[in-house]
1. Let me confirm something: among D78, D45, D89, which residue is in a helix (DSSP H, G or I), of a type outside the set (S, T, N, Q) and modelled with pLDDT under 95?
2. Hey, could you check region 17-29 for residues that are free of Cβ contacts under 8 Å to residues at least 60 places away in the same chain and surrounded by 12 or more Cβ atoms within 10 Å (Cβ to Cβ) and say which is nearest to I76 (Cα to Cα)?
3. Is there any pair with a first residue in region 35-50 that is hydroxyl-bearing (S, T, Y) and a second that is open to solvent by 90 Å² or more (accessible area, probe 1.4 Å) and modelled with pLDDT under 95 whose Cβ atoms are under 9 Å apart and which are 6 or more apart or on different chains, and what are they?
4. Anything in region 53-67 that is assigned to a helix (DSSP H, G or I) and in contact with a helix residue (DSSP H, G or I) (Cβ under 9 Å, 6 or more places away or on another chain)? List them, or say none.
Amino acid sequence: MKKTLMLAALPLATLVAACGQDSAVEERGDMLEERADAVENVGDDRAGQLEEMADEAPTDAQEDALNARAEEIDDIGDNRAEALNERADEME
């Protein structure tokens, strides 16, 4: 029974050893990906807040201005996140 358990664990141990730890560069890439997600989330959240404000705006002009700004904020966050992800991909 013990031999069977040890043999069953062998492929998993081999797989884990083959993967090994990420290099320092790969770890920095992973951190950049996490940062990209955070940047995108902040942009999405802020854009969402502006869109909610736009829904409650007293005039159409104010609503349009807030929606336009929300779209700009969303685009800025998306573009920054994309740039960070591209840098992260280069590190992997």
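1. That would be D89, the only listed residue that is in a helix (DSSP H, G or I), of a type outside the set (S, T, N, Q) and modelled with pLDDT under 95.
2. The extreme case among them is E27.
3. So the pair list comes out empty.
4. Within region 53-67, M53, A54, D55, Q62, E63, D64, A65, L66, N67 qualify.
The values are calculated or read from the model by the stated rules, or taken from the named source; none is laboratory data. Nothing here was measured: the structure is a model prediction, and the numbers come from that model. Methodologically, a virtual Cβ is constructed for each residue, glycine included, from the backbone with ideal geometry; neighbour enumeration extends over all protein chains shown. The protein model used for the area step is the full one, side chains on, heavy atoms only, and it has no ligands, DNA or RNA in it. Shrake-Rupley method; radii C 1.70, N 1.55, O 1.52, S 1.80 Å.
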